[in-house]
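Structure record follows, encoded as structure tokens.
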Amino acid sequence: MRILVVGSGAREHALVWKLASEPGVEVVCAPGNAGIAALARVEPVAASDVDGLLALACRERVDLTVVGPEGPLERGIVDLFAGRAQRIFGPTRAAAQLECSKAFAKAFMTRHGIPTARYRVCEEASAAHAVVAGGELGFPVVVKADGLAAGKGVVVAADRATADAAIRAAMEERQFGAAGARVVLEECLSGPEISFFALCDGERGLPLTSAQDHKRVFDNDEGPNTGGMGAFAPSPLVDAALQARIQRDIVDPVLAGMRADGHAYRGFLYAGLMLTTSGPRVIEFNARFGDPEAQVVLPMIEEALSTRLAGAADGDAGALPLRARPEPHVGVVLASRGYPGPVASGVPVTGLAEAEALEGVRVFHAATDVRAGGIVTAGGRVMTVVGRGPTYEAAIERAYAAVSKIRFEGMQFRRDIGRKALALPELP
Ligand code: AMP
Ligand code: GLY
């Protein structure tokens, strides 16, 4: 089977690594990165260039295309490929609205009884200011740009002034462009956050291993939000009973609701959940795998993923959940100085071979490039270093032992990835 993987992050490196390890699978990746190029042929077609990707898939006689990031989904890559009978795994543009419009997702959840925070959608800044002034959602109140804003469109506002400023930034100053033309205001929920993934074929959502992300840039969840600074899997907070409840109250109703609404959902479904005193509630949906969660969840899958993805693209991924090894995996993101703000590129990276030679370690590249035969940085999140072990402690130790071998000028990373798995919060 020839598979085209679309994207260039560590999530896509993990996907390519998993798929390329399966018998009879050959992988092409666009646009890829330096790490991916060691495993698969990379083609210089941008993930946003959906017409170029279609041409590539046709030219390469690809049997299946797997989409990593949300951008091409929003541009309708799945509809485009389906119209040309090119098999592709991912949601259609209409189904990807679950991620691409928070207002769509909230209305969908309300319609289908899926637990989430109380909310109001506002089309005008004046209406949004009035909702905040009225205090009906309480404080803190969460202000969210409706559209895709690269993880930066959410402000948890402690008071009215902060909320008003967030509304002005999104709706009047258009800091996130058209994504902020509408805002969703939400009641603030509290509790630990987990990421839950399902591989969906339109009918069924097969559960994958749960994970926990670390969104803030600094230790102890301080500093600005990022794309994700590290992750571990499984989440020790998700036992069999909670997993069954998430399946029953969230995943199954999403699949049934999307089908009923005429947008059968195929692709990875990512539910960001808060475990509140009244049970799990949805913070957000993403229409794709998480990054950095994919880097710790995909290595746990113990069977051929290519077969399941091809099946799902055809509408039947099988009934049994994917087999997964129970061993904890911990992934630490190495980022460039200044991330999540502007960063320098082209900085030489050393120590990769030493890191990868350690037992139970795997390094997935994100923003990397090759220059003069060596690896250099090419953006904010440079790579994810994954350790696995019989316990969370062992996996953490291996990941950080590998991190200590890698060096580049300005390298920053969190030193507390995985610690949450050791000190469990009180569950409601
Ligand atoms: P999102 O971009 O939707 O994932 O939101 C970013 C972060 O904002 C989440 O990971 C949560 O920590 C926080 N957040 C979003 N919605 C809420 C909410 N209703 N209550 C509390 N925190 C929230
Ligand atoms: N891990 C957060 C995301 O992929 O959006």
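Every read-out reported here was derived from the displayed coordinates using simple, explicitly stated rules and does not represent laboratory data. Model, not experiment: these values are computed from the prediction. Positions of Cβ are generated from backbone atoms using ideal geometry, with glycine treated the same way; all protein chains shown enter the neighbour counts.
All conditions in (1) of a type outside the set (Asp, Glu); (2) more than 27 Å from Thr65 (Cβ to Cβ); (3) assigned to a helix (DSSP H, G or I); (4) free of Cβ contacts under 8 Å to residues at least 60 places away in the same chain hold for Pro253, with the sole exception of (4).
When each of Leu255, Leu242, Leu275 is tested for being farther than 23 Å from Leu309 by Cα, away from ligand 2 (no atom under 16 Å from the Cβ) and either crowded, with 20+ Cβ neighbours inside 10 Å or charged (D, E, K, R) (or both), the lone residue that passes is Leu275. Of all residues in region 173-212, those being within 14 Å of Val238 (Cα to Cα) and within 16 Å of ligand 2 (Cβ to nearest atom) number 11.
Among the listed residues Gly331, Gly267, which satisfies the condition of being within 30 Å of Gln412 (Cβ to Cβ), touching a Pro at 6+ places or on another chain (Cβ under 6 Å) and more than 16 Å from ligand 1 (Cβ to nearest atom)?
Numbers: Gly267 fails: within 30 Å of Gln412 (Cβ to Cβ).
The conditions single out Gly331.
Within the set Ala145, Ala105, Ala157, Ala125, the sole residue that is closer than 24 Å to Ser190 by Cα and either more than 16 Å from ligand 2 (Cβ to nearest atom) or of a type in the set (Lys, Arg) (or both) turns out to be Ala157.
Selection of region 219-238 for residues being assigned to a strand (DSSP E or B), touching a helix residue (DSSP H, G or I) at 6+ places or on another chain (Cβ under 8 Å) and within 13 Å of ligand 1 (Cβ to nearest atom) yields only Ala231.
Those strands (runs of 3 or more DSSP E) of region 314-428 in which at least 1 residues are closer than 15 Å to Ala231 by Cβ, considering only elements entirely within it, cover 329-335, 361-365, 381-388. Is there a residue being surrounded by fewer than 19 Cβ atoms within 10 Å (Cβ to Cβ), more than 16 Å from ligand 2 (Cβ to nearest atom), over 15 Å from Gly272 (Cα atoms) and of a type in the set (D, E, K, R) anywhere in region 218-231? Among the residues of region 218-231, at least one is surrounded by fewer than 19 Cβ atoms within 10 Å (Cβ to Cβ), more than 16 Å from ligand 2 (Cβ to nearest atom), over 15 Å from Gly272 (Cα atoms) and of a type in the set (D, E, K, R), which makes the answer yes. Among the residues of region 278-302, those that are assigned to a strand (DSSP E or B) and within 16 Å of ligand 2 (Cβ to nearest atom) comprise Val282, Ile283, Glu284, Phe285, Asn286.
Every residue, every condition in (1) over 20 Å from Cys100 (Cβ atoms); (2) over 26 Å from the mean Cα position of the chain (by Cα), yes or no:
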{"residue": "Arg118", "(1), (2)": "yes, no"}
{"residue": "Ala127", "(1), (2)": "yes, yes"}
{"residue": "Ala133", "(1), (2)": "yes, yes"}
{"residue": "Gly147", "(1), (2)": "no, no"}
{"residue": "Lys152", "(1), (2)": "no, no"}
{"residue": "Val155", "(1), (2)": "no, no"}
{"residue": "Asp164", "(1), (2)": "yes, yes"}
{"residue": "Arg168", "(1), (2)": "yes, yes"}
{"residue": "Gln175", "(1), (2)": "no, no"}
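Can you confirm whether region 358-377 contains a residue that is within 30 Å of Thr276 (Cα to Cα) and either under 21 Å from the mean Cα position of the chain (by Cα) or free of Cβ contacts under 8 Å to residues at least 60 places away in the same chain (or both)? No, there is no match, as no residue in region 358-377 is within 30 Å of Thr276 (Cα to Cα) and either under 21 Å from the mean Cα position of the chain (by Cα) or free of Cβ contacts under 8 Å to residues at least 60 places away in the same chain (or both).
If you go through region 132-145 and keep only what is more than 11 Å from ligand 1 (Cβ to nearest atom) and buried (at least 21 other Cβ atoms within 10 Å of the Cβ), you end up with just Val132.
How about region 45-103: which of its residues are part of a loop (DSSP other than H, G, I, E, B) and under 18 Å from Gly147 (Cα atoms)? So that I can check it myself, show each step before the final result.
At the first step, the residues of region 45-103 found to be part of a loop (DSSP other than H, G, I, E, B) are 45-49, 60-63, 68-70, 75-76, 84-87, 90-96, 101.
Result: Ser48, Pro69, Glu70, Arg75, Gly76, Pro91, Thr92, Arg93, Ala94, Ala95, Ala96, Ser101.
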